[in-house]
Amino acid sequence: MGLFSKIKEGLKKTKQSIGFAFAQLFKKGVFGEDFYDELESILLSADVGSATTQTIIEQLREDMTRDKISSADKANQYLKEVLLANLYDEQLELTTPSVILIVGVNGVGKTTTIGKLAHNYVKQGKSVLVGGADTFRAAAGEQLDVWCSRAGVRLIKHEEGSDPASVVYDAIASAKSKNTDIVIIDTAGRLHNKKNLMEELKKINRIIEREYPQAQQVNLLVLDATTGQNAVSQVEIFDQAISIDGIVLTKLDGTAKGGVVFAIAGEKELPVYFVGVGEGIDDLMPFDAQEFVEGVI
Amino acid sequence: MAFSNLTDKINHVFAKLKNKGALSELEIKQAMREIRVALLEADVNITVAKDFIARVGERATGENILKSLTPGQQVIKIVNDELIELLGSQQSKIGVASRLPTVIMMCGLQGAGKTTMCGKLGRFLAKQGKKPLVVACDIYRPAAINQLEIVSSKANVGFFQMGTINPTKIAKGAIDYANKNGYDTVILDTAGRLHVNTELMQELQDIKKNIDITEILLVVDAMTGQDAVTVAKAFDDSLGITGVIITKLDGDTRGGAVLSIKAVTNKPIKLTGVGEKIDDLEPFYPDRIANRILGMGDVLTLIEKAEQTFSQEQARTLAKKIKESTFDLNDFLVQMESVGKMGNLGDMVGMIPGASKLKLGDAKLDEGMVARNKAIIYSMTRKERENSKLLNYSRRKRIAQGSGTSVQDVNKVVKQYEQTKEMMKRFGKKGAKLPF
């Protein structure tokens, strides 16, 4: 199954739920208040958020009025363009050596994402080492162990309850001595409003910067597509703490659309690099803005 | 957050009213629009929000808020009342089976926090004198069984597993084990699953079909967005859930999903997870969620209580006194008494937005102090109460003896009074309204 069809399948259920009402609207070919009201509902249902939805609708209204659009095809095209203009479409360019730091709130799918990510780079012929710095959650290390053996990569971990910073330190030392291309660091899920946990994250970040300055460092925030407007706050606070480079949007294989990334893009220039579309090791795709937009509407 | 205080917004909509004395339909519409935005920003489902607005709008037009002096507050009050009603004003407990063991099945999406919640719930029930057994029925996620075992030992409750065999068999085995070993409550941890995964939903239906289950609890992440209703409805349609547990409420989410789920399933919210520790589990407080959704502290309760205890008449006299700077110890006493009537001071400070309970810990506002302060003022003569300048050392000593306190205590009260007077002067100057 190609990348295209896979993500498409993941987004299909999404489409079915709201696509119908919208198709009806397009059929009518009248783009008055009803049309914009319906569009508003669709965007809001996709978690785009109230303010961003207004922005998108105003932009579309302006463009369509200016160009006197009256055909369904044209309207569809205009809508997609406006939505695309409200996203950052950019792929992750990795140079070696590099360190990918994976962060996020509890239960978004960090560990699973790491398994998939490791597998992805192994397939590209890279050597990968995973550092299990989630020393807090019960059995997090064991879970990561399973994923690492699935992906066939090395794992450095310490005991539960030990200092996560020391895991990071050891992982980097090991990667240096063995010339490993990519180090992926798993961290404990933490709610962004927990001060001390965010301090711990800053410390981990500092250690990477200090111990491995020659490596490219990529800080990825994992977001659950099911999350609503709180995702904006998550991005903001994690970015404040350790400067986030990009987003991984997980669980897009459900019925949630992850429209909150529009709201995020409105606040910060942050690209979505990957999307998670299932529990299999291959279920991680590079983000494709075009397909994502089609999934939302 | 763009939308921190709905009260301000609504009051803003109604600001012009002071001069007009009547609300137009347009103004009500604008107010409803603001409420709608607040609900949506809080992740209340759009359909639920629409219904809700319709109901509030109806009540707002029906009631006499048009002639009210504070239409903004009245509207907020209606919104708040309706929210609480919708959320369910009664607390719902975990059921107990007539024939033991009670079986509780946890279900939900991946990452909602089921496994952790199994431990917390076990602990919660153990503290109530139950003997819970948590059972590993998640046969898919790597190390899920391990995790549950660790969590259960932290919770100090029983643990049961049979590896990765069919979950119905595990559940049956667990009930046998519970019967033989005196466990009265069995908590089944199941794998996280998508509501659209028919195969995995069937697995839960099979467990339900083969076992007497008392509670099927849907575990939901408080940060969930619009999709919460789809998920909750799918789980309810497929399994007939008996209640909901909300997790991760210790985050900064506004938690609108809670309202959506309640509105769609009409199943009680039973418990809420509020922290990383095994004891961080609380009953559900609908008023707190209502206020979170609206983005404000329990201001309303405070307003209500203040209204009841501080009569209009008293307020007017006080306002006059402030203007004329004749606020004396008698007034201070009245003020203290009305605060006393409002109930626990700690609770009251907690209701003020921005005043965290943590800060309160240092302030130590205890009721005993209020009683003591009142006794001190009662021990003063009328002249002393009217003019605090009379209070020299010998008078203070007499007052201390009369009230069974020390001179230091008397000094403190006098100082407090002077500070309050100073504060009120400033209020008076600004022309600002008093909080009472």
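The values are calculated or read from the model by the stated rules, or taken from the named source; none is laboratory data. Please read all numbers here as calculations on a predicted model, not as lab measurements. We place every Cβ from the backbone using ideal geometry, glycine too, and count neighbours over all the protein chains shown. The accessibility values were calculated without ligands, DNA or RNA, using every heavy atom of the protein model including side chains. Shrake-Rupley method; radii C 1.70, N 1.55, O 1.52, S 1.80 Å.
Rounded, prolate or oblate: pick one for chain A, where a ≥ b ≥ c are the square roots of the eigenvalues of its C-alpha gyration tensor, a/c under 1.5 means rounded, and failing that, prolate if a/b is larger than b/c, else oblate.
Prolate is the answer for chain A, as a/c is 1.5 or above and a/b outweighs b/c.
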- Query: Quick one: which of B:396-409, B:107-120 comes out on top by average Cβ neighbours within 10 Å, and what's the full order, highest first?
  - Reply: B:107-120, B:396-409
- Item | Computed FRET value (nearest 0.05) for residue A:96 with residue B:127, which takes r as the C-beta separation and R₀ as 30 Å | 0.05
- Note on the structure: Projected onto the charge dipole of the stretch A:33-168 (unit charges on the beta-carbon of Lys, Arg, Asp and Glu, signs +1, +1, -1, -1), the Cα from A:94, A:104, A:83 with the largest positive-side position is that of A:94
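Over all residues in A:230-240, what is the mean tally of Cβ atoms on other chains that come within 10 Å of each residue's Cβ? Provide the component values of the computation, followed by the final result.
On the way: counts 16, 3, 3, 6, 4, 0, 0, 1, 0, 0, 0.
Mean inter-chain Cβ contacts per residue within 10 Å come to 3.
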- Item | Estimated inter-spin distance, residue A:158 and residue A:268, nm [label 7 Å along Cα→Cβ] | 2.7 nm
- Message: Looking only at the stretch B:102-295, where both bridge partners belong to it, what percent of the DSSP beta bridges are antiparallel (to the nearest 5)?
- Response: 10 percent
- Message: What does DSSP give for chain A in terms of the percent of beta bridges that are antiparallel, rounded to the nearest 5?
- Response: 10 percent
- Based on the alpha carbon coordinates of the stretch A:148-297, what radius of gyration and maximum Cα-Cα distance (Dmax) apply, in Å? 16.5, 49
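Given the rule -39500 (n - 2.57) for each run of at least 4 DSSP H residues, summed and divided by the residues of chain A, what is its mean residue ellipticity at 222 nm, to the nearest 500 deg cm²/dmol? Don't jump to the answer; show the numbers that get you there.
Values: 11 runs with 156 residues, N = 297.
Mean residue ellipticity at 222 nm (helix-derived): -17000 deg cm²/dmol.
Report the net charge of residues surrounding residue B:112, where surrounding means a beta-carbon distance below 9 angstrom and charges are Lys +1, Arg +1, Asp -1, Glu -1.
Taking every other residue near residue B:112 into account, the sum is +1.
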- Candidate aspartates and glutamates for bridging to residue B:383, where Cα separation is under 12 Å - those fewer than 8 sequence places away on the same chain excluded: B:328
- Message: Sequence gap at least 6, Cα distance under 8 Å: using those rules, report the relative contact order of chain A to the nearest whole percent.
- Response: 28 percent
- residue A:143 neighbourhood, Cβ < 14 Å, K/R = +1, D/E = -1, net charge -2
- Query: Under a straight-distance cross-link criterion of Cα-Cα below 12 Å, which aspartates and glutamates are reachable from residue B:93, leaving out those fewer than 8 residues away in the same chain?
  - Reply: B:215, B:282
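Past the 24 angstrom mark, what percentage of all C-alpha to C-alpha distances in the stretch B:102-295 do you count? Could you put the intermediate results ahead of the total?
Numbers: 6310 of 18721 pairs.
That fraction is 34 percent.
For the interface of B with A, what's the total buried accessible surface in square angstrom, probe 1.4 angstrom, rounded to the nearest hundred?
Working: alone 22210 and 13270 Å², together 32310 Å².
Accessible area lost upon association: around 3200 Å².
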- Could you tell me which of B:128, B:195, B:239 has its Cα farthest along the dipole of the stretch B:102-295 towards the positive end, charges placed at Cβ (Lys, Arg +1; Asp, Glu -1), taken about the Cα centre? B:128
- Query: Once you mark the GluC sites (Glu not before Pro) that are in a DSSP loop and have at most 11 other Cβ atoms within 10 Å, what is the longest gap between them in chain A?
  - Reply: A:160-268
- Query: Over what distance in Å are the Cα centres of the stretch A:278-297 and the stretch A:153-206 separated?
  - Reply: 28 Å
- Task: Using only alpha carbon pairs under 8 Å that are at least six residues apart, calculate the relative contact order of the stretch B:102-295 and give it in whole percent.
- Result: 24 percent
- Considering only the other residues whose Cβ falls under 9 Å of the Cβ of residue A:217, what net charge follows from Lys and Arg at +1 and Asp and Glu at -1? -2
- Whenever you get a sec, compute what percent of the accessible area on chain A sits on carbon and sulfur atoms (1.4 Å probe). 48 percent
- Could you give the size of the charge dipole of chain A about its Cα centre, using +1 on the Cβ of each K and R and -1 on the Cβ of each D and E, expressed in debye and rounded to the nearest 20? 560 debye
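Take the residue pairs A:123/A:178; B:50/B:114; B:29/B:248; B:397/B:425; A:123/A:176 and return only those whose Cα atoms are more than 25 Å apart. Intermediate values should be presented prior to the final figure.
On the way: A:123/A:178 19 Å; B:50/B:114 31 Å; B:29/B:248 35 Å; B:397/B:425 29 Å; A:123/A:176 21 Å.
Result: B:50/B:114; B:29/B:248; B:397/B:425 exceed 25 Å.
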- Item | the stretch B:189-270 - Kirkwood radius from inverse mean 1/r over Cα pairs (Å) | 13.1 Å
